[in-house]
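The values are calculated or read from the model by the stated rules, or taken from the named source; none is laboratory data. Being a predicted model, the structure only gives us computed values, none of them experimental. Cβ coordinates were reconstructed from backbone atoms using ideal geometry, including for glycine residues, and neighbour counts include every protein chain displayed. Each accessible area value is taken on the protein alone, full model and side chains, heavy atoms only, with ligands, DNA and RNA left out. Shrake-Rupley method; radii C 1.70, N 1.55, O 1.52, S 1.80 Å.
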Amino acid sequence: EVIIMYVTIEVIAEELGMPQKQVEKYIYEGKIRAVDDGTQLLVNREQFNLYFEQLEQMKQKIADYWSEPLPPDRDIKDED
């Protein structure tokens with residue numbers, strides 16, 4: 001069984017269902033590391049998958065945070 005570790009930007013974009021320009025943007029912003037083989041940029045599939053797994057985890061944490069109910073207000077004054 002052959003495991004392909006490095007794939008082109010086009011392949012990654014197609015697999016993820018996102019525009020190729022978005023993948024290139026992530027690479028140029030330094031969020032995704034790529035290797036230039038002289039003719040094209042190649043992305044390590046596992047490194048790219050790790051980035052998106054972490055992104056999804058962060059999105060879930062944010063969603064969890066915003067779905068928590070607000071604690072009761074401590075500044076409620078007694079009407080004595």
TODO: Kindly provide the set of residues from the range 63-80 that are modelled with pLDDT of 85 or more and not in a helix (DSSP H, G or I), ordered by number.
DONE: Glu68, Pro69
TODO: For the range 5-27, state whether one or more residues are touching a strand residue (DSSP E or B) at 6+ places or on another chain (Cβ under 7 Å), free of Cβ contacts under 8 Å to residues at least 40 places away in the same chain and open to solvent by 50 Å² or more (accessible area, probe 1.4 Å).
DONE: yes
